[in-house]
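Encoded as structure tokens, the structure appears first; notes follow it.
The values are calculated or read from the model by the stated rules, or taken from the named source; none is laboratory data. No experiment lies behind these values; they were computed from the predicted model shown. With ideal geometry, Cβ positions are generated from the backbone for all residues, glycine too; neighbour counts draw on all protein chains shown. Accessible surface areas use protein heavy atoms only, side chains included; no ligands, DNA or RNA. Shrake-Rupley method; radii C 1.70, N 1.55, O 1.52, S 1.80 Å.
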Amino acid sequence: MLKFTTIAQKLPKKRNSKVRSKDWHEVYEGFKITELKSQSSRCSQCGVPFCQVHCPLHNNIPDWLMLMASGRVEEAYEIASSTNNFPEICGRICPQDRLCEGNCVIEKGFESVTIGAIERQITDIALEKGWVKPIKPQKELPGSIGIIGAGPAGLAAAEQLRKNGYKITVYDRYDRAGGLLIYGIPNFKLEKHVVERRTKLLKDGG
């Protein structure tokens, strides 16, 4: 860790503009695993991590950066997902420049750690490798809960309540779950299959 003095900040590579002009897919490519490790190792491991303080979810950012820098991707995902129901979505759409990255201690002089891009890719890798499993409550409870609205708040509430063992039904006026994630954010920022992949996991978990 603390390699911010020797390793420069690197952003994910943009897809070629000529290719992008022919589709609506996401603008940025992912990091290679070596780049993920090196960019994670730039974290200064602050005693009081301002990135975590300014994150609305208070994600344990320095912890999963340290694990990622060590190549422990699955454990990094476990930490990232312990406070965040949709890390692969937040990594794409959160305004990191004003929140975690904007308050990174090394931002003045060394450029901040690329927290959002790393968070996104840790979860993408976990999903690709099959480490993310549908919910299996330890105990099924007799009660059932209806949630009105299948936007991010409704889906996050559904996941947390399902983990506790409640039977969940989510109601929404639209034909697909996701709310603004589906109907309000363009594909070049957040592709629909990313949201649908997550909602399928929720359906598979009951």
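Assorted remarks:
- Residues of type lysines that Lys189 reaches as a straight line, Cα spacing below 16 Å, ignoring anything fewer than 8 places off in the same chain: Lys13, Lys14, Lys22
- Probe 1.4 Å, accessible area per residue of the range 73-148, Å²: 51 Å²
- Relative contact order of the range 1-104: 27 percent, from C-alpha pairs under 8 Å at least 6 residues apart in sequence.
- Rg to Rh quotient for the chain, alpha carbon positions, Kirkwood Rh: 0.99
- Long-range HN-HN contacts of Lys13 with modeled amide H, under 5 Å: Glu29
- For the chain: relative contact order, % (alpha-carbon pairs under 8 angstrom, 6 or more apart): 20 percent
- Within the shell defined by Cβ-Cβ distances under 14 Å, the residues around Leu67 carry a net charge of -3, with Lys and Arg each +1 and Asp and Glu each -1.
- Per residue, the chain reaches -11500 deg cm²/dmol at 222 nm when only DSSP H runs of four or more residues are counted, each adding -39500 (n - 2.57).
- Largest first, the three principal axis extents of the alpha carbons in the range 86-206 are 56, 31, 25 Å in whole numbers.
- Rg and Dmax [Cα atoms of the range 34-126; Å; Rg one decimal, Dmax integer]: 11.6, 33
- Within the accessible surface of the chain, defined with a 1.4 Å probe on protein heavy atoms only, the carbon and sulfur portion equals 55 percent.
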